[in-house]
1. Check whether at least one residue in region 87-109 is assigned to a strand (DSSP E or B), in contact with a helix residue (DSSP H, G or I) (Cβ under 7 Å, 6 or more places away or on another chain), touching a residue at least 12 places away in the same chain (Cβ under 8 Å) and within 26 Å of Ser61 (Cα to Cα), and report yes or no.
2. Can you confirm whether region 133-151 contains a residue that is modelled with pLDDT under 95, surrounded by 13 or more Cβ atoms within 10 Å (Cβ to Cβ) and either on the phi > 0 side of the Ramachandran plot or in contact with a Leu (Cβ under 7 Å, 6 or more places away or on another chain) (or both)?
3. Might you let me know whether region 82-91 holds any residue that is in contact with a strand residue (DSSP E or B) (Cβ under 9 Å, 6 or more places away or on another chain), crowded, with 17+ Cβ neighbours inside 10 Å and at pLDDT below 95?
4. Look through Tyr65, Tyr70 and report the one residue that is in contact with a Ser or Thr (Cβ under 6 Å, 6 or more places away or on another chain) and either of a type outside the set (Val, Ile, Thr) or modelled with pLDDT of 95 or more (or both).
5. It is to be established whether one or more residues within region 113-131 are over 17 Å from Asp207 (Cβ atoms), crowded, with 23+ Cβ neighbours inside 10 Å, of a type in the set (S, T, N, Q) and in contact (Cβ under 8 Å) with a residue 12 or more places away in the chain.
6. Residues Val228, Val242: which one is modelled with pLDDT of 95 or more, assigned to a helix (DSSP H, G or I), under 30 Å from Lys121 (Cβ atoms) and among the β-branched types (Val, Ile, Thr)?
7. I'm trying to understand the selection: among the residues of region 163-178, which are under 22 Å from Ser71 (Cβ atoms) and assigned to a loop (DSSP other than H, G, I, E, B)?
8. Taking the conditions exactly as written (of a type in the set (Ser, Thr, Tyr) and at pLDDT 95 or above), does Tyr195 satisfy them or not?
Amino acid sequence: MKLNYLFICFYFLILTSCKQENYLYKIEGKQITISDSIATNPDIDAFIKPYREHVEKDLDSVLAYAVDTYSKSDGEFNTAIGNLLADAFYEEANPIFKNRTGHNIDIVFLNHGGIRSIISKGNVTTKTTYEIMPFENMAVVVALKGKQVQEMINYLVRDKRAHPFSGLKIVLDKDFNVKSATIKGELIDVNKTYYIATSDYLYQGGDNMNFLKTNDSLYTLDYKIRNVLIDYFTKKDTIKPVIDDRFIQIKN
């Protein structure tokens, strides 16, 4: 591993006149390669040891047990791990949103690329959640008209990836046309306001999801999505998510 350290040397030319001024005269840079050959400083290592052990202990805390290994590449249009994340988001965030606004979340919508690791069979730890979601993304809720929700559906159909979502059901025909799309079992009303829970990254246009910006209102839940997962796993003894029919294609 190489790190570049820039040592900046400033040379000032002081002009002798009725008014003294300082000028930046020269900047020099030097690359220093850091490798395993550099010996560990025992004093520094001793100083950080208790902090390192404390962090490692917290990360190794067992939250739940996974009955199988789950990957974001396991399904074509929806995956077990993606469904788990979206459903966990709804379960943990909806009570907060409803308590603050009196409304329920209609759809949870996340991005396929935001899942950064698998869930391995066996113990699910705090470290697992950091591996799945290493970013500091926050949970937000946006109010969208049905017309904007249709844009979100169009995005999903065009992208043909297993972006995690909950509350929405999409059925495609063999030619990738939308055969049906419902929210909590009901047809989408283009004039109705729907509440979409997502990440602040996607709200800001991440993954070209600009349709989330055309919203009536934005609600910040002050809740990191990683913490959503930690809270969800803590409540579960065993997790066994499945691929279901929330986004499917009828091929005949």
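The values are calculated or read from the model by the stated rules, or taken from the named source; none is laboratory data. Since the structure is predicted, the reported quantities are computational estimates derived from the model, not experimental observations. Here Cβ is always computed from backbone atoms with ideal geometry, including for glycine, and neighbour counts include all displayed protein chains.
1. Taking region 87-109 as the starting set, the residues that turn out to be assigned to a strand (DSSP E or B) are 107-109.
Those still in the list that are in contact with a helix residue (DSSP H, G or I) (Cβ under 7 Å, 6 or more places away or on another chain) too: 108-109.
Then drop every residue that is not touching a residue at least 12 places away in the same chain (Cβ under 8 Å), which leaves 108-109.
Of the ones still in play, those that are also within 26 Å of Ser61 (Cα to Cα) are none.
Looking for residues that are assigned to a strand (DSSP E or B), in contact with a helix residue (DSSP H, G or I) (Cβ under 7 Å, 6 or more places away or on another chain), touching a residue at least 12 places away in the same chain (Cβ under 8 Å) and within 26 Å of Ser61 (Cα to Cα), one finds none in region 87-109, hence no.
2. yes
3. Looking for residues that are in contact with a strand residue (DSSP E or B) (Cβ under 9 Å, 6 or more places away or on another chain), crowded, with 17+ Cβ neighbours inside 10 Å and at pLDDT below 95, one finds none in region 82-91, hence no.
4. On the way: Tyr70 fails: in contact with a Ser or Thr (Cβ under 6 Å, 6 or more places away or on another chain).
Every option except Tyr65 fails the conditions.
5. yes
6. On the way: Val242 fails: assigned to a helix (DSSP H, G or I).
The conditions single out Val228.
7. His163, Pro164
8. Working: of a type in the set (Ser, Thr, Tyr): yes; at pLDDT 95 or above: yes.
Judged against the criteria, Tyr195 is a match.
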